[in-house]
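All remarks here apply to the structure that follows.
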Amino acid sequence: MSFEKDMSVVDAMAAADRACSEAKSRGRNCVVRLTDQDAALRAHLEELKVVADLQQHVPTERYFLEFQPIVALQSPMSSLCYEVLIRMRGEQGQVVPPGKFIGAAERNGLMSQIDRWVLRSTLEWLDNHPEHRDRLGFATINISGASLNDNRFVDDAFSMIAEHPLAMPKLCFEITESVALHDLGSTRRFVDRVRMYGSKLALDDFGAGYTSFNYLKEIPADFIKIDGSFVKDINLNPANYAITRTIVDLTHELGMRSIAEWAETPDTIAALIELGVDYGQGFGLARPTAPDIVSAASSGAALIKDASVLALLNDRSRWQTAPRTGPRRQHKTA
């Protein structure tokens, strides 16, 4: 590792640590030379800066929320639903990509701090907008595995929850499949408590991990969020199509509803409609948007800007035929 003259002690130590890690990843017994032009080193130093900010609680003033609509595919004008997403601005006002600060928080044990802020802000926002809250279908928020297994976070969460009984029936907590499987006991206890306030549960990224259908009996969810890796190529990969169809059928058999992530194109959305998927979420329907814009809409469909997608959702007669047995062909565009 070469040290630059203007390097701070902290950056120099971080760079040396990064070089050691890189050498180990290459099989040990080797020399790695990093310079200030090295992309991996720059990314590592940026992450350290983010972590330092998180530890000092500075960014809480720079956090803000966005809502991404979750559109009812079978009855698009019937409800307004969305996922609550946290965003952060840097020191210069620029928006920091979520992958940078969320990833940094996950790797450094700071997710509980972020989850607290999101839960508190969402509850307060809903209660400060009672007209919107009362007509809202549901709003999903993510709870990380670190928070779910942190007794202090759970205690703090239920203290906040007790102060917002009118907002709680509108919340749907998203828990990833891997988290649910890691500690069924903790997950079940949390779910049982939030259900007492009328809240719902969604199992996120379903199918991406070590799926065990048996745990669905232990943790009955209201929604299954189909992992986007199956959805994005649904019209190109027969296996993805078959897996998605199986998950949708299972969801309905168990009295749950399905949400497909990564609904990015009209052809994908058409396939999801024909398969009977209940809700879709993705850039092909609507991007994350400021809360005031989303809350003013009459339904999720009202936020769709693509005319071809609106036509698909409005042409109900096309979906009255028997279910398809294979992927739809992609339409060619000029």
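Does GLU61 meet the test of being at pLDDT 80 or above, among the acidic types (Asp, Glu) and under 20 Å from the mean Cα position of the chain (by Cα)?
Against the criterion (at pLDDT 80 or above, among the acidic types (Asp, Glu) and under 20 Å from the mean Cα position of the chain (by Cα)), GLU61 does not qualify.
Can you pull out every residue in region 151-178 that is over 20 Å from the mean Cα position of the chain (by Cα), more than 30 Å from GLU131 (Cα to Cα) and not basic (Lys, Arg)?
If the condition is that a residue be over 20 Å from the mean Cα position of the chain (by Cα), more than 30 Å from GLU131 (Cα to Cα) and not basic (Lys, Arg), then ASN151 is the only one that fits.
List the pairs whose first member sits in region 271-297 and is under 20 Å from ILE86 (Cα atoms), whose second member is of a type in the set (S, T, N, Q) and not in a loop (DSSP other than H, G, I, E, B), and whose Cβ atoms are under 8 Å apart, counting only residues at least 6 apart or on separate chains?
GLN281/GLN68; GLY282/THR268; ALA286/GLN68; ARG287/GLN68; PRO288/GLN68; THR289/GLN68
Can you tell me how many residues in region 169-193 are surrounded by fewer than 20 Cβ atoms within 10 Å (Cβ to Cβ) and within 22 Å of GLY137 (Cβ to Cβ)?
1
Which residues, taken from region 284-312, are open to solvent by 50 Å² or more (accessible area, probe 1.4 Å), farther than 16 Å from ASP267 by Cα and of a type outside the set (Lys, Arg)?
ASP292, ILE293, ALA296, SER298, ALA302 - these are the residues of region 284-312 that are open to solvent by 50 Å² or more (accessible area, probe 1.4 Å), farther than 16 Å from ASP267 by Cα and of a type outside the set (Lys, Arg).
So, in region 80-93, exactly how many residues are in a loop (DSSP other than H, G, I, E, B) and at pLDDT 95 or above?
1
Restricting to region 208-265, give me the number of residues that are part of a loop (DSSP other than H, G, I, E, B), in contact with a Lys or Arg (Cβ under 8 Å, 6 or more places away or on another chain) and either of a type in the set (S, T, N, Q) or open to solvent by 50 Å² or more (accessible area, probe 1.4 Å) (or both).
Qualifying residue count, region 208-265: 3.
Could you tell me whether SER112 is modelled with pLDDT under 95, hydroxyl-bearing (Ser, Thr, Tyr) and either surrounded by 15 or more Cβ atoms within 10 Å (Cβ to Cβ) or part of a helix (DSSP H, G or I) (or both)?
When the stated conditions are applied, SER112 passes them.
The values are calculated or read from the model by the stated rules, or taken from the named source; none is laboratory data. Bear in mind that the values here come from a model prediction, so they are computed numbers and not experimental data. Backbone-built Cβ (ideal geometry, glycine too); neighbour counts: all protein chains shown. Quick note on the areas: whole protein, heavy atoms, side chains included, nothing else; ligands and nucleic acids left out. Shrake-Rupley method; radii C 1.70, N 1.55, O 1.52, S 1.80 Å.
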